[in-house]
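Encoded as structure tokens, the structure appears first; notes follow it.
Where a number appears in this text, it was derived from the coordinates with a stated rule and is not lab data. Not measured: the values here are computed from a predicted model. Cβ atoms come from the backbone with ideal geometry, glycine included; neighbour counts cover every protein chain shown.
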Amino acid sequence: MHGEITSTITYDTLARAGVKCVSVFVPSSTATDPNQKIATCARGVKIIADTTLREVLATNAAESADLLVVPGGAKGAATISGDSNVQKLIKRQLIEKDKLVGMICAGPLAAKTSGLPRQPLTSHPSVKNQLDKDYDYREDAVVVSGKLVTSRGPGTTFPFVLKLVELLLGSEKRNKVQDPMAFPAAAGPYLM
């Protein structure tokens, strides 16, 4: 988890919508403590995850998830997208369970490593060249392709998570969450 903005805004906004959220620490391949839950983000922010990938796998906790989100951040996204267990969870969520998966910033790299079929998506510009040959790459702030929702980066986190709220709970709930956030009027079309 190195995308502090993409992680915290997504978690917070989903919680405001009444979604039970669980953050999961995915260790790097060189991690020595399988119970570690503290992620140090790219700019030094520390986030304590609710659980670990190891615990999720041991308890089959992901089976009941209506949504899986892969946050951004270069190092974190590389760690997450490179984990074979995460890849299996993503494929199961999208293909077998036909449920939502969100990926933001460099997180859409997990679409490729998970072997998802060619479809429209977007990502942070820094990883576009790793995705545009295998997918129908778009420059939109948020791209919805069936149950896969992708977005560009920290600046598109609010439209991304509000779209997830809408897809999970409907447009009325989205409006109830969005309106009290007091976005400037100029952001209106951008948030749609």
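The figures follow:
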quantity	calculated
The chain: DSSP helices with Cα axial extent of at least 15 Å and average Kyte-Doolittle hydropathy no lower than 1.6	157-169
Highest-MSF residue in the chain out of ALA61, ALA17, ALA106 [GNM, Cα springs under 10 Å]	ALA61
Share antiparallel - DSSP beta bridges, segment 4-191, percent rounded to 5	35 percent
Nearest-20 debye value, the chain charge dipole, Cβ charges on Lys, Arg, Asp, Glu	120 debye
Phi-based couplings in Hz for segment 136-149 (Karplus 6.51, -1.76, 1.60; Gly and Pro marked x)	7, 5, 10, 9, 5, 4, 9, 10, 10, 10, x, 9, 9, 10
Cross-link pairs LYS37/LYS173; LYS20/LYS75; LYS97/LYS163; LYS20/LYS112; LYS46/LYS97 - those with Cα-Cα distance over 22 Å	LYS37/LYS173; LYS20/LYS75; LYS20/LYS112; LYS46/LYS97
C-alpha center-to-center spacing [segment 11-56, segment 88-155] in angstrom	20 Å
Isotropically averaged projected area of the chain, using the convex hull of Cα atoms (one quarter of hull area), nm²	10.4 nm²
Helical mean residue ellipticity (222 nm; -39500 (n - 2.57) per DSSP H run of 4+; nearest 500) of the chain	-9500 deg cm²/dmol
Set of aspartates and glutamates near LYS128 by C-alpha distance (under 12 Å), chain-local residues within fewer than 8 positions excluded	ASP136, GLU139
Charge dipole of segment 49-175 about the Cα centre (unit charges at C-beta), most positive-ward option of MET103, SER171, THR122	THR122
